[in-house]
1. Tell me, please, whether a residue that is in a loop (DSSP other than H, G, I, E, B), at pLDDT below 85, over 30 Å from Ala92 (Cα atoms) and open to solvent by less than 60 Å² (accessible area, probe 1.4 Å) can be found in the range 25-36.
2. Go through Glu54, Glu95 for me and flag whichever is at pLDDT below 90, on the phi < 0 side of the Ramachandran plot, in contact with a Pro (Cβ under 9 Å, 6 or more places away or on another chain) and of a type in the set (Asp, Glu).
Amino acid sequence: MSLSPAASVARRMLAAASHSSHEGGARTWKILTFILALPGVGVCMANAYMKMQEHSHDQPEFVPYPHLRIRTKKFPWGDGNHSLFHNPHTNALPEGYESSHH
């Protein structure tokens, strides 16, 4: 299958351009870092900060769903009712939240 003269010229030009483009690769990535990546990180940080500000830190109402917090046997640590990484503010026991002092 032979290429038309215009296609072969275009192919030679693209091959020549691909060889010379390796020289400016570091500069291109440096520009992309400062133009796209750093502002993108800043926007993500601002988004996380704003979501943290509007987030309520109150405990949600305890609803004793029968399929949650099922204890068929005691945990092998502590009193057997608290999970290993228990947080009394966020993790409820089967009877409800523990009393908090804040």
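1. There is no residue in the range 25-36 that is in a loop (DSSP other than H, G, I, E, B), at pLDDT below 85, over 30 Å from Ala92 (Cα atoms) and open to solvent by less than 60 Å² (accessible area, probe 1.4 Å).
2. After applying the criteria, what remains is Glu95.
The values are calculated or read from the model by the stated rules, or taken from the named source; none is laboratory data. Since this is a predicted model, take the numbers as computed values, not measurements. Cβ atoms come from the backbone with ideal geometry, glycine included; neighbour counts cover every protein chain shown. Surface areas here come from the heavy atoms of the whole protein model, side chains and all, with no ligands, DNA or RNA. Shrake-Rupley method; radii C 1.70, N 1.55, O 1.52, S 1.80 Å.
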